[in-house]
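First up is the structure itself, then whatever we jot down about it.
The values are calculated or read from the model by the stated rules, or taken from the named source; none is laboratory data. Note that the structure is predicted; figures quoted are calculated from it, not measured. Cβ atoms come from the backbone with ideal geometry, glycine included; neighbour counts cover every protein chain shown. Surface areas here come from the heavy atoms of the whole protein model, side chains and all, with no ligands, DNA or RNA. Shrake-Rupley method; radii C 1.70, N 1.55, O 1.52, S 1.80 Å.
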Amino acid sequence: MDENQQKVISEKSVKFVFTTHKNIRRYYAVAYGRARFISTMNVLLQWTDVAQCMEVSQDEIRRLKWGPMVPQKIFPYNLTTSHMIRQKMVDNLGGFGIEFGARPRPLPVPVYCRIKYADRFDANEFRDRSSSVRGIKSDCKFVEIDIQDDLETMKTISTGSLDFVIASHVIEHVSNPLSAFENVYDRLKPGGKFVLVIPDKERTFDLYRSITTFDHLLADYWYPSRDRDLEHYIEVERSVYNSAETSLRERAESRWLKQDDTHFHCWNYAAFSLLIHWVCKNFGFTVAFTHDGQHLDKPTNEFYFVLQK
């Protein structure tokens, strides 16, 4: 990019993104200085053109909601990093959708998508419960919650109303995952997509836990049980937090009674693939994209699925 182009981009923002589409993380264009600002503009200009640009004050940008970065339109994708895999997963999304559990880490979505953010807790309640949540800093910026609902029931979402659903590091927090898959399928329009990013137990703090068996998932689906959920809190206290046996059950029951956030389930890629096979056979999904997260330039602790109705 020559100096004149840099000047144009640095003095202007993309009108369509910054005044209409409100789910780019505004700090990428404001708080990280001129170099990052120009880099961000280059990405945005892949989705629109200079003719749609206008000057927008930084105060106006700061008033926008927090949301995800816009993915780069780079074809073909060179899937050598988790960042590029995440962008590949969303590059064909369109229409209206919901991301569950985005909190401070929403997935990027193309600028022509309309997206709302859902969580079973609002941001303040989550902060009150997050003292034991790993990787969440006290000064993290959270997306604003549009819908208070959970992935397992989706009780406030109408049948056939969504073009996509995103759940990144969320499905393991759901006590009844098969019910979640069934409800997502019901809420999607024909052709709608379910974007999933799942932590690999072999590369996270769940390393010393047992993989959730499929029989256990079926029991959760056919015979939901709060008492069975307690088993997971106990396992997390023992295998993740290394709680003393004398206090383990008391600590687990305290978190269970408060319905604290936890990893109810954990999988590796092979185990989750078996789950997906059953979901596709019984609910009607097809696999549009998958990646095991292995053999990347930079190690990652996750794997990826995009399911299509």
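As a summary of the residue check, PHE164 satisfies the conditions (1) buried (at least 23 other Cβ atoms within 10 Å of the Cβ); (2) in contact with a His (Cβ under 8 Å, 6 or more places away or on another chain) except for the one numbered (2). Just name the residue that is farthest from ARG86 (Cα to Cα) out of those in segment 268-292 that are open to solvent by less than 30 Å² (accessible area, probe 1.4 Å) and of a type in the set (Val, Ile, Thr). Step by step, filter segment 268-292, then rank; the result is VAL279.
Return yes or no: is ARG127 at pLDDT below 85 and not small (Gly, Ala, Ser)? Yes, satisfied.
Tell me, please, whether a residue that is part of a loop (DSSP other than H, G, I, E, B) and either open to solvent by less than 20 Å² (accessible area, probe 1.4 Å) or touching a Phe, Trp or Tyr at 6+ places or on another chain (Cβ under 6 Å) (or both) can be found in segment 223-241.
Among the residues of segment 223-241, at least one is part of a loop (DSSP other than H, G, I, E, B) and either open to solvent by less than 20 Å² (accessible area, probe 1.4 Å) or touching a Phe, Trp or Tyr at 6+ places or on another chain (Cβ under 6 Å) (or both), which makes the answer yes.
At pLDDT below 95, at negative phi and out of contact with any Asp or Glu (no Cβ under 7 Å at 6 or more places or on another chain) - does that describe any residue in segment 261-280? Looking for residues that are at pLDDT below 95, at negative phi and out of contact with any Asp or Glu (no Cβ under 7 Å at 6 or more places or on another chain), one finds at least one in segment 261-280, hence yes.
Within segment 206-222, restricting attention to residues that are closer than 16 Å to PRO177 by Cβ, in a loop (DSSP other than H, G, I, E, B) and of a type outside the set (Ser, Thr, Tyr), the residue that is nearest to the chain's Cα centre (by Cα) is ASP206. Could you check, for segment 187-205, whether at least one of its residues is touching a Gly at 6+ places or on another chain (Cβ under 8 Å), outside any helix (DSSP H, G or I), open to solvent by less than 60 Å² (accessible area, probe 1.4 Å) and within 15 Å of ASP150 (Cβ to Cβ)? No, there is no match, as no residue in segment 187-205 is touching a Gly at 6+ places or on another chain (Cβ under 8 Å), outside any helix (DSSP H, G or I), open to solvent by less than 60 Å² (accessible area, probe 1.4 Å) and within 15 Å of ASP150 (Cβ to Cβ). Against the numbered list (1) more than 18 Å from the chain's Cα centre (by Cα); (2) open to solvent by less than 10 Å² (accessible area, probe 1.4 Å), PRO177 comes up short only at (1).
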